[in-house]
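To start, the structure under review is shown below, and the notes come after it.
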Amino acid sequence: MKIIVAHTGASGSIYCVKFLKWLTIRRNIKVLFTATDEGYKILEDETKVSKAELKKYASQIYQNDDLRADISSGTAGVDAMVIVPASMNTVAKIANG
């Protein structure tokens, strides 16, 4: 199973880290991680987990503006995507297309 975990600029980074840790103890789950620029900053500020340390929890880390990344395509073969934490701005954009 392939899961994308995305982090927005919302507060609540501890939930993202807890979810990533939970996924790492599961078998046969490939975790792909991305975050907004602000998301990376908030993640490090709130949890002291750096971008480099994320490699312990994700097999691949992407920049959110990398449109050439395989996860940017609808044919990437991803089974699920979780946005944690999700800002209300992001939730509204998803809900309204």
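Some notes on this structure:
- Filter result (surrounded by 11 or more Cβ atoms within 10 Å (Cβ to Cβ) and out of contact with any helix residue (DSSP H, G or I) (no Cβ under 6 Å at 6 or more places or on another chain)) within the range 52-61: E53, L54, K55, A58, S59, Q60
- L67, sole failed condition from (1) under 11 Å from V5 (Cα atoms); (2) of a type in the set (A, V, I, L, M, F, W, C); (3) assigned to a loop (DSSP other than H, G, I, E, B): (1)
- Verdict on T90 being of a type outside the set (A, V, I, L, M), more than 12 Å from the chain's Cα centre (by Cα) and modelled with pLDDT of 95 or more: no
- Those residues of the range 20-40 which are closer than 22 Å to D66 by Cβ and either assigned to a helix (DSSP H, G or I) or touching an Asp or Glu at 6+ places or on another chain (Cβ under 7 Å) (or both), in sequence order: L20, L23, D37, E38, G39, Y40
- Lone qualifier among Y15, Y40 - being touching a residue at least 40 places away in the same chain (Cβ under 8 Å), under 23 Å from N89 (Cβ atoms), surrounded by 11 or more Cβ atoms within 10 Å (Cβ to Cβ) and out of contact with any Leu (no Cβ under 8 Å at 6 or more places or on another chain): Y15
The values are calculated or read from the model by the stated rules, or taken from the named source; none is laboratory data. These numbers were taken from a predicted model, which means no experiment stands behind them. So basically every Cβ, Gly included, is an ideal-geometry build from the backbone, and we count neighbours across all protein chains shown.
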